[in-house]
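Participant: Before we start, here is the structure in question, set down as structure tokens.
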Amino acid sequence: MTSHDTDGVRQDWDSQAGSWYEKRESLHAASRPIHDWLVRHLEPKRGQRVLEVAAGPGDTGFLAAQHLEDGRLVSTDLSPAMVEAARKLGAERGVRNAEYRVLDAQAMDFDDATFDGVICRWGFMLMPDPAAALRECRRVLKAGGRLAFAVFTGPEENPFASIPAKILIEGGHLPRPNGGWQPGILSLADRTRLQALLDGAGFTATHIEGVDMTWTFPNADEYWTFLVELTALGPRLRSLPDDVRHGVRNTIEQRVARFVRADGVMLPARCWCGVAS
């Protein structure tokens, strides 16, 4: 991984941190099944130290922090703007047992065996080197400590991401998959590959299962805003010329029309949720 890779990822998420904070309630509601699974399987306990990597606005870690009491949550993200969003949200929610740090999960500056648990929702799939990040998670865990994580499964189960990605590829605005590693929303959909990464990082006990959720938007405009302002596709969509972006938007709306209901746009999603030690 080069510093250029890291700088680009940091800049992308810095540009979206404000939107993640503004949309925090709707994002939290949609993804609550994922949060709940992760916290339940992490099994945080009083007095423990828990690390959240790629925390974004920090809401998954804050749920774990409720169980730590006099323990400590360390909420981290590569993006300084995301760290500030988490700090602000933590203050709003009255979280008093958390600290906040800018951190590259692929090269952590923590000592070995520092944490009782590590939690990561939707982070590894977007990292330039997820294998390095998983090795680092294993290194900073104490003996018997747990990693709880979530990544998205395949395109059929996640049309919210696969439909716009396919349209961008068809238009030549995204590279076609070539078999090599490319960070992306669905890049860890292959369960075999995911298991191999965990094995390679030194985890010896793992459990992975599919967990469903639903992205709900009041209308197509809100779904488009979500894509542009809150997803990994956002920087590419924002970079398109106005006329091209307008055409892409129209095509996306046509293809998601089958998910429109009387009360809005209902887009199913599924994650691989896993726990490893």
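The values are calculated or read from the model by the stated rules, or taken from the named source; none is laboratory data. Predicted model, so just to flag it, every value in this text is computed and none were measured. Backbone-built Cβ (ideal geometry, glycine too); neighbour counts: all protein chains shown. What goes into the accessible areas is simple: the full protein's heavy atoms, side chains included, and nothing from ligands, DNA or RNA. Shrake-Rupley method; radii C 1.70, N 1.55, O 1.52, S 1.80 Å.
Participant: If I filter the range 22-72 down to residues being among the polar types (S, T, N, Q) and assigned to a helix (DSSP H, G or I), which single residue comes out as modelled with the lowest pLDDT?
Facilitator: By that ranking, first place goes to Ser26.
Participant: Spot the failing condition for Ala86; the list is (1) assigned to a strand (DSSP E or B); (2) open to solvent by less than 10 Å² (accessible area, probe 1.4 Å), and only one is missed.
Facilitator: The single condition Ala86 does not satisfy is (1).
Participant: When you scan the range 155-188, how many residues do you find that are closer than 23 Å to Ser31 by Cα and open to solvent by 10 Å² or more (accessible area, probe 1.4 Å)?
Facilitator: Final tally of qualifying residues: 11.
Participant: Select from the range 3-25 the residues that are open to solvent by 40 Å² or more (accessible area, probe 1.4 Å) and free of Cβ contacts under 8 Å to residues at least 12 places away in the same chain and list them in ascending order.
Facilitator: Within the range 3-25, Ser3, His4, Asp7, Gln11, Glu22, Glu25 meet the criteria.
Participant: Take the range 138-164 and flag every residue that is part of a helix (DSSP H, G or I), hydrophobic (A, V, I, L, M, F, W, C) and closer than 26 Å to Ala105 by Cα.
Facilitator: Correct list: Val140, Ala161.
Participant: Scan the range 132-178 residue by residue and report those that are among the charged types (D, E, K, R), farther than 24 Å from Leu73 by Cβ and in contact (Cβ under 8 Å) with a residue 60 or more places away in the chain.
Facilitator: Matches in the range 132-178: Glu157 only.
Participant: Among the numbered criteria (1) at positive phi; (2) touching a residue at least 12 places away in the same chain (Cβ under 8 Å); (3) open to solvent by 60 Å² or more (accessible area, probe 1.4 Å), which single criterion is violated by Gly202?
Facilitator: Gly202 satisfies every listed condition except (3).
Participant: Among the candidates Ala65, Ala105, Ala81, single out the residue that is within 26 Å of Met213 (Cβ to Cβ) and in contact with a strand residue (DSSP E or B) (Cβ under 6 Å, 6 or more places away or on another chain).
Facilitator: Matching residue, one of Ala65, Ala105, Ala81: Ala65.
Participant: How about the range 205-220: which of its residues are open to solvent by less than 40 Å² (accessible area, probe 1.4 Å) and farther than 21 Å from Gly123 by Cβ?
Facilitator: Phe217, Ala220, listed by residue number.
Participant: Of the numbered conditions (1) out of contact with any strand residue (DSSP E or B) (no Cβ under 7 Å at 6 or more places or on another chain); (2) modelled with pLDDT of 95 or more; (3) open to solvent by 50 Å² or more (accessible area, probe 1.4 Å), Lys142 fails exactly one; give the number of that condition.
Facilitator: Checking Lys142 against (1) out of contact with any strand residue (DSSP E or B) (no Cβ under 7 Å at 6 or more places or on another chain); (2) modelled with pLDDT of 95 or more; (3) open to solvent by 50 Å² or more (accessible area, probe 1.4 Å), the one that fails is (1).
Participant: Between Ala91, Ala107, which is open to solvent by 20 Å² or more (accessible area, probe 1.4 Å), modelled with pLDDT of 95 or more and either of a type in the set (Phe, Trp, Tyr) or part of a loop (DSSP other than H, G, I, E, B) (or both)?
Facilitator: The unique qualifying residue is Ala107.
Participant: Let me ask something additional. Against the condition within 21 Å of the chain's Cα centre (by Cα) and either crowded, with 19+ Cβ neighbours inside 10 Å or of a type in the set (Asp, Glu) (or both), how does Glu229 come out, does it pass?
Facilitator: Here the answer is yes, as Glu229 does meet what is asked.
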